[in-house]
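> The structure's right below; bear with me while I get my questions together.
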């Protein structure tokens, strides 16, 4: 099997940790952290907390769903850099049902969110148009 965009880089991983407070926008906070720390390639290691309002895009790639109740963040993962964040989130509602999708701006922290992002050494995330998918997709490159 040929894996055309695989990048292997060695070196110390830098972790950026912060606590988000009530009223902060989760996506906007991730973007700000990546810009302030000039992160070329990173991954979300952990996000523990809750939201009071959510906005997630479903698998159609078009429809954004509004969530207007308190939910626990049960998972947040994806790739990030100073120019682009591609994040998926799973949320647990009060009845313990779970919803998830592509994180959009407007996902507002309720009480707290403890966020940890790992910066990948020697790696950069860029985007390029993929004719097969019709989207600008992320590609990993040696830095």
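The values are calculated or read from the model by the stated rules, or taken from the named source; none is laboratory data. Note that the coordinates shown come from a computational prediction; the quantities given were computed from them, not determined experimentally. Ideal geometry is used to build each Cβ from the backbone, glycine not excepted, and the neighbour counts take in all protein chains shown.
> Is there any pair linking a residue in the range 34-60 that is under 18 Å from residue 17 (Cα atoms) to one that is assigned to a helix (DSSP H, G or I), with Cβ under 7 Å and at least six apart or on different chains, and which?
42/34
> Filter the range 82-107 down to residues that are out of contact with any helix residue (DSSP H, G or I) (no Cβ under 6 Å at 6 or more places or on another chain) and closer than 17 Å to residue 33 by Cβ and give me whichever is surrounded by the most Cβ atoms within 10 Å (Cβ to Cβ).
My answer is 89.
> Residue pairs, Cβ under 8 Å, 6 or more apart or interchain, first in the range 4-26 and more than 29 Å from residue 54 (Cβ to Cβ), second at pLDDT below 80 and surrounded by 12 or more Cβ atoms within 10 Å (Cβ to Cβ). List them.
Note: no pairs meet the criteria.
> Within the range 108-123, track down each residue that is in a strand (DSSP E or B) and surrounded by 14 or more Cβ atoms within 10 Å (Cβ to Cβ).
Matches in the range 108-123: 108, 109, 110, 112, 113, 115, 116, 117, 118, 119, 123.
> Residues to consider are 75, 136; find the one that is under 17 Å from residue 18 (Cα atoms) and surrounded by fewer than 17 Cβ atoms within 10 Å (Cβ to Cβ).
Residue meeting the stated conditions: 75.
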